[in-house]
Structures are given as structure tokens and as C-alpha cells.
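The structure appears below as C-alpha cells.
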Amino acid sequence: MNTNSDRGIFALSVSELGPTLGALQKHGVTVAHLDMLRANNGDNDYAKRFAQALTLKAFETSTDTRIARLVLGKSFVDVADWVTLYGARFSRKEVHQALKFPWHEDILMGPCPFNPGKLVKDTHTAFLGLEKLNGSPLNVMKWNELHPKKDDLQPRMYCDPNPWYATEKHTTEVLLQPRWYLMLTEIVPDSWNKLPEEQEQMLPKEYEIPTTVAETTKDLLVFRKTDIRPNPTRWARCAEKTSVGLLSCVGVFDECGLLVDFWLGYRHDFVGLGASRKF
């Protein structure tokens with residue numbers, strides 16, 4: 001005997017259809033979204049992601065995170081991805097806290113402030129930040145441990161297991177915050193060959209310079225989800241300074257690994273600016 005839970009949607013009665021559409025509209029779904037679903041007779045990525053978002057049952061989610069996953073696709077890393085990629089363990093409280101995605105769909109579907117003609121969803125990556133990964137502080141040195149430079153493993157960190165920054169505060173004491181991050185996947189366009197203060201003037205008020213661990217995390221997660229390396233030929237300048245006052249930067253992410261380095265602060269063709277939307 002068929003139950004309500006396994007009926008196909010064509011079994012909806014007229015009396016059920018109105019409230020169903022009303023529920024979708026209440027949460028921001030418009031006729032334009034439905035047009036996108038119907039494109040190519042439903043044989044499109046948007047329709048596929050929409051269905052996946054509605055039927056995702058393996059992990060508890062909210063409407064907010066389902067919409068974010070639907071809009072961002074592979075540029076979205078949540079509890080389920082951390083479990084799959086790194087075997088992360090979460091308490092019920094942590095899972096519940098992760099359900100609220102802080103940026104509305106209007107922002108994700110809105111114009112990118114750095115790339116004219118593109119939308120935020122096409123140029124940004126969103127990920128859930130973890131202060132600890134299975135009990136270990138999630139700092140840059142933890143990423144060195146997770147992705148060492150050996151045996152041609154990919155992705156990997158460029159430096160040896162005992163890198164120059166092994167005792168630096170910005171790579172050992174600064175952790176990811178337990179919150180959502182929405183970061184520009186690549187560096188700010190045309191932000192290279194500029195002085196630090198000139199770079200800072202390029203950031204809209206809604207954005208800030210990311211920490212070194214946030215930029216490192218974003219790059220590695222992007223590769224794990226898409227097999228694409230952000231910033232393969234340039235560094236993203238980060239928020240901190242080294243113990244001798246040099247600016248931290250992350251990038252030049254190629255097959256040799258992701259490089260955490262420093263910048264003297266003079267004009268340089270290969271150092272641009274990272275950007276993270278304020279929480």
C-alpha cells in the first residue's frame with residue numbers, strides 16, 4: 001500500500017497544490033525559480049540541486065542551509081562535507097548551531113562586488129568553520145598534518161613537516177571560528193602590484209581581510225570539492241603579520257602544494273588581497 005511519504009508528486013490533489021506553492025513562496029521561491037527548474041524539460045543542474053536539497057536526509061538541515069547548498073553547489077561545505085572529507089565528529093548542539101546560514105539568498109544571487117557581470121554564487125565559497133577537528137585545534141599547522149608534502153598526495157601543503165612558520169602565532173594560535181564563512185574564491189581582481197593600504201581601500205564595508213587559517217582552509221576545501229586550485233599563480237594577502245612584522249599571505253597553489261608565505265609590503269605582481277564577507 002502506498003503512503004503519503006512515497007507518493008509521486010503527480011499524485012498531489014488540486015487542494016494540496018496551492019498550499020505547497022504557498023509554502024515555497026513564503027520562503028522566497030518565485031516564478032523565476034520555477035522557470036529555472038523547468039529549463040530543458042527539467043534536465044538541468046539547477047533542478048538536480050533543487051531536488052537534492054529537498055530530499056537530503058542523511059544530515060539534519062534547515063531551509064537556510066538547503067537553499068545555500070542549492071545555490072552554491074560545490075562551492076558550499078557544511079557538516080555533511082566535513083564528515084565525508086575529514087571524518088569530523090559533531091555534537092547535537094554543534095549540528096543545530098550550524099543550521100542557520102547567515103547570508104540570505106538575495107546576497108548569494110546578487111552581483112559580486114569584485115567581478116562585474118558575475119554573481120556572488122559564482123565567485124565565492126561558503127564553508128562552516130570549525131575551531132577544533134575531532135578535538136585538535138584547527139590551525140594552519142593542523143592543515144600541514146592533514147595534507148603533508150609526501151608521496152605525491154593531493155592536495156598538500158608546500159612546506160615540509162617542520163616549516164618556517166611552525167612557531168608563529170598566526171599559524172599555531174589563530175584558529176578557525178566556529179561560524180560560517182563566505183569568502184571570495186580567488187583574490188580581489190587587480191589587487192596585485194599595490195601597497196597594503198591601497199589594497200584595503202578596495203574592500204567594500206561588508207568585507208574584511210581573512211585570517212591565514214581561513215584562507216588556507218578555503219583553498220584546500222575548494223580543491224577537495226572541485227579539483228580546482230584557487231590562486232595558482234598568486235598569493236592572497238591575509239590579516240596577520242609574522243613575528244618580525246611581515247604580512248602573511250597564502251597561495252601559489254599548484255601541484256607542488258599550497259604555500260604559506262610572507263610579504264614585505266612593497267608593490268608585487270604576485271601578491272593580491274583575500275576577501276571574506278563579515279559575519
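Numbers below:
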| quantity | calculated |
| --- | --- |
| Filter pass, V188 being surrounded by 15 or more Cβ atoms within 10 Å (Cβ to Cβ) and within 19 Å of S248 (Cβ to Cβ) | yes |
| Those residues of the range 234-248 which are of a type outside the set (D, E, K, R) and assigned to a strand (DSSP E or B), in sequence order | W235, A236, C238, A239, L247, S248 |
| The range 130-147, residues that are out of contact with any Pro (no Cβ under 6 Å at 6 or more places or on another chain) and either among the polar types (S, T, N, Q) or surrounded by fewer than 17 Cβ atoms within 10 Å (Cβ to Cβ) (or both) | K132, N134, G135, S136, P137, N139, N144, E145, L146 |
| Verdict on L153 being aliphatic (A, V, I, L, M) and surrounded by 15 or more Cβ atoms within 10 Å (Cβ to Cβ) | no |
| Test: residue in the range 128-142 that is of a type in the set (A, V, I, L, M, F, W, C) and more than 18 Å from the chain's Cα centre (by Cα) | yes |
| Single residue of the range 85-98 satisfying the filter (in a helix (DSSP H, G or I) and without any contact (Cβ under 8 Å) to a residue 60 or more places away in the chain) that is surrounded by the most Cβ atoms within 10 Å (Cβ to Cβ) | V95 |
| Where a residue in the range 193-208 is under 11 Å from P113 (Cα atoms) and in contact (Cβ under 8 Å) with a residue 60 or more places away in the chain and its partner, wherever it lies, is of a type in the set (A, V, I, L, M) and in a loop (DSSP other than H, G, I, E, B), with Cβ under 7 Å and at least six apart | M202/V188; L203/A275; Y207/A275 |
| Hits in the range 4-13 (condition: at pLDDT below 80 and either more than 16 Å from L34 (Cβ to Cβ) or assigned to a helix (DSSP H, G or I) (or both)) | N4, S5, D6, R7, G8, I9, F10, A11 |
| Residue list for the range 268-279, filter: among the aliphatic types (A, V, I, L, M) and assigned to a strand (DSSP E or B) | V271, L273 |
| Residue among G265, G251 that is in a strand (DSSP E or B) and either within 24 Å of L153 (Cβ to Cβ) or in contact (Cβ under 8 Å) with a residue 40 or more places away in the chain (or both) | G251 |
| Residues being closer than 30 Å to L153 by Cα, part of a loop (DSSP other than H, G, I, E, B) and of a type in the set (K, R) - total across the range 196-233 | 1 |
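To keep it simple, each residue is scored yes or no on (1) without any contact (Cβ under 8 Å) to a residue 12 or more places away in the chain; (2) touching a Phe, Trp or Tyr at 6+ places or on another chain (Cβ under 6 Å).
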position	(1), (2)
K100	no, no
L108	no, no
F127	no, yes
L130	no, no
P148	no, no
L153	yes, no
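The values are calculated or read from the model by the stated rules, or taken from the named source; none is laboratory data. These numbers come from a predicted model, not from an experiment. Positions of Cβ are backbone-derived with ideal geometry, glycine not excepted, and every protein chain shown enters the neighbour counts.
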